[in-house]
Amino acid sequence: RTRELSSEKEKLDAIVSSIEAGIAIFNRDGRMVWSNRVMREWLQNGRQYGMEDFIHNGTEDAIQDIFVDNRFVREVSYLDFGRKRGFFQMVATPIHPPEGDPHVMMLFQDVTEVKKAEEQLMQSEKLTALTRLSAGVAHEIGNPLTSISSYVQILREMEHDEFTREALGTISRHLGRIGDIVRQMSNFAKIEAENLGDHKIYDLVKTTVDLVRYDKRTARIDIKADIPEDLPVISVDGNQMVQVFMNLILNAADAMPGGGELSITARRAGRMVEIVFTDTGEGIPGENLERIFDPFFTTKEKGTGLGLAVSYTIVKSFGGEITVESTPGRGTTFRVRIPSKE
Ligand SMILES: Nc1ncnc2c1ncn2[C@@H]1O[C@H](COP(=O)(O)OP(=O)(O)OP(=O)(O)O)[C@@H](O)[C@H]1O
Ligand SMILES: [Mg+2]
């Protein structure tokens, strides 16, 4: 009987230690009393953990509910284990041993990658809808706008009292802004990888950096581009790729109003080439991170919020991807990955 038991225990141990999920057991007071290998790798050494560290909604009640109602809690939430963070699916199960106090077992499965994939999918659906809408709107607004703008232009060239002159000035400035947005939207509708050709990252980055030097926003920042010349070429529309790089550089410049450094590097990453833009700017607060690629999301008074949405669509059309990491107060890193031709 003892032999049987110990072989059962060995089986159990083998299962528990081979599972790629975090498992922990908590006592009646909610203190963690046991954890498996994976869980220990995630947690900070030497810290006491309790159930409240992992259940965020209605802590006290939620914990008691599990004991009292025998309830399973299944939820996906963002958790920070100390040495590991991301989205986890959590299942809690009460354990009622024949003798002694009841305990709770919690199992955490990392679903961060799944969640990311879902979000990417939603993002591309959002963008397809927008692309269709943009074409319509740009056309419907663009034509009357051109007509209004030319009348305003004619009126401004005539003699007027001071009020009318100023009013016309304001009208024309606002028209300019509407015009910018409409132009961006019609660019947006047109995005489709068209003039594909083989390009060297080195050349594309150099062209972009030379171009943005004319923008006064880049005057106060230090752009350090260090691109190896022998990277594999990428098959892209050169103008569109330059547009993406330009958006990223100007965003970095906007994030460093008091000056700072933007480093641009590139390297092979498997079958892709990765171009990395790292700035020392204000960073992006966590709650904005998943919205910055949304069309019209902007935190700038004069921004259209289309820069990153357009960049995202362009990069996607080349079979690539674009990701972001940021630490508020420290800076932001954008990674553009494009399939390489080798
Ligand atoms: N490098 C960066 N550092 C900090 N915040 C950034 C950075 N890049 C983008 N952002 C944030 O993402 C938002 C969206 O960027 P996006 O380029 O799409 O639009 P925008 O820059 O606001 O407007 P536009 O591109 O028309 O000037 C910005 O308003 C800003 O809040
Ligand atoms: Mg921008």
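Some points to look at:
- Contour excess over end-to-end distance, with Cα ends at Lys116 and Asp65 and 0.36 nm allotted per residue: 15.2 nm
- Given charges at beta-carbon only (K, R positive; D, E negative), |dipole| of the chain in Debye: 560
- Net charge, Glu282 excluded, C-beta distance under 11 Å - Lys, Arg +1, Asp, Glu -1: -1
- Shape summary: the stretch 113-190 maps onto an equivalent ellipsoid whose semi-axes, from the alpha-carbon gyration tensor, are 39, 13, 6 Å in decreasing order.
- Considering only Met32, Val236, Thr280, and ranking their Cα positions along the charge dipole of the chain that arises from unit charges at the beta-carbon of Lys, Arg, Asp and Glu, the one farthest toward the positive end is Val236.
- Each Lys and Arg contributes +1 and each Asp and Glu -1, all at the Cβ; summed about the Cα centre of the stretch 113-190, the dipole is approximately 320 debye.
- Ranking Ser124, Met158, His174 by how far each Cα lies toward the positive end of the dipole of the stretch 113-190 (charges on Cβ) leaves Ser124 at the top.
- Choice from Arg173, Arg183, Arg220 with maximal GNM fluctuation in the chain (Cα, 10 Å cutoff): Arg173
- When Lys216, Lys84, Lys206 are compared by accessible area at a 1.4 angstrom probe, the order from most to least is Lys216, Lys206, Lys84.
- Positive end of the dipole of the chain (Cβ unit charges, origin at the Cα centre): among Ile66, Met246, Gln109, the Cα lying farthest that way belongs to Met246.
- Between the stretch 128-169 and the stretch 1-29, the Cα center-to-center distance that results, in Å: 72
- Computed over protein heavy atoms with a 1.4 Å probe, the carbon and sulfur contribution to the accessible area of the stretch 1-153 reaches 54%.
- Full-extension gain in nm, Glu140 to Glu290, via 0.36 nm per residue minus C-alpha separation: 50.9 nm
- Amide H contacts of Leu306 (H built 1.01 Å from N, under 5 Å, at least 5 apart or other chain): Phe296
- Size of charge dipole - the stretch 278-342 - debye, nearest 20, with Cβ of Lys, Arg +1 and Asp, Glu -1, no other charges: 200
- Ligands, DNA and RNA aside, Glu10 has an accessible area near 130 Å² when probed at 1.4 Å.
- Debye intensity ratio in log₁₀ form over the Cα atoms of the stretch 2-110, taken at each q of 0.11, 0.21 Å⁻¹: -0.36, -1.21
- Across the alpha-carbon set of the chain, the Rg to Rh ratio works out to 1.13, Rh being the Kirkwood radius.
- Within the accessible surface of the stretch 193-342, defined with a 1.4 Å probe on protein heavy atoms only, the carbon and sulfur portion equals 47 percent.
- In nm, spacing of pseudo-spin labels at Asp215 and Asp80 (7 Å Cα→C-beta vector): 3.2
- Taking a straight line from the alpha carbon of Lys115, these aspartates and glutamates sit under 19 Å away, with near neighbours fewer than eight places off in the same chain left out: Glu20, Glu75, Asp80, Glu125, Glu287, Glu290, Asp294, Glu321, Glu325.
- Over the chain, accessible surface divided per residue gives 59 Å², non-protein components excluded, 1.4 Å probe.
- As a ratio to 2.2 N^0.38 Å, the alpha-carbon radius of gyration for the stretch 201-326 is 1.02.
- Relative to the longest principal axis of the Cα atoms of the chain, the long axis of helix 112-156 lies at roughly 20 degrees.
The values are calculated or read from the model by the stated rules, or taken from the named source; none is laboratory data. If you're wondering where the values come from, they're calculated on a predicted model, not measured in any experiment. All Cβ positions, even for glycine, are placed from backbone atoms using ideal geometry, and neighbour counts span all protein chains on display. Only protein heavy atoms, including side chains, enter the accessible area calculation; ligands, DNA and RNA are left aside. Shrake-Rupley method; radii C 1.70, N 1.55, O 1.52, S 1.80 Å.
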